[in-house]
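Everything on this sheet refers to the single structure shown next.
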């Protein structure tokens with residue numbers, strides 16, 4: 001078994017340059033896309049963007065509906081604070097009912 005040889009800076013720089021050159025060579029030799037493929041890809045991208053926009057709008061509408069429902073529930077649950085006269089009338093009614101039972 002061979003031992004690990006620590007590469008020098010020049011070796012690492014040469015390896016990086018070779019890798020970069022290899023990637024550029026592969027990029028140059030890649031076949032060009034025809035107009036039909038490019039148009040299909042652009043149409044698909046536009047459709048995806050439209051779907052995202054529709055979903056975003058639907059989420060906003062749903063959130064607004066939930067907020068409205070919560071506001072309606074809070075409004076129904078909120079009881080008005082009785083005035084002093086209303087509290088006195090309720091107290092007098094309870095007293096009268098208690099007296100009527102005796």
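The values are calculated or read from the model by the stated rules, or taken from the named source; none is laboratory data. Computed from a prediction, not measured in an experiment: that's the story for all the values here. Cβ coordinates were reconstructed from backbone atoms using ideal geometry, including for glycine residues, and neighbour counts include every protein chain displayed.
Might you let me know whether segment 7-25 holds any residue that is outside any helix (DSSP H, G or I) and either modelled with pLDDT of 90 or more or loosely packed, with under 10 Cβ neighbours inside 10 Å (or both)? Give the derivation first.
Of all residues in segment 7-25, those outside any helix (DSSP H, G or I) come to 7-8.
Right, trim to either modelled with pLDDT of 90 or more or loosely packed, with under 10 Cβ neighbours inside 10 Å (or both) and you get 8.
Within segment 7-25, one or more residues are outside any helix (DSSP H, G or I) and either modelled with pLDDT of 90 or more or loosely packed, with under 10 Cβ neighbours inside 10 Å (or both).
What tally of residues in segment 80-98 results from selecting those that are assigned to a loop (DSSP other than H, G, I, E, B) and loosely packed, with under 10 Cβ neighbours inside 10 Å? Spell out how you get there, then give the answer.
Step one: of segment 80-98, the residues assigned to a loop (DSSP other than H, G, I, E, B) are 80-83.
Checking the rest, the ones that are also loosely packed, with under 10 Cβ neighbours inside 10 Å come to 80-81, 83.
Residues that pass the stated criteria total 3.
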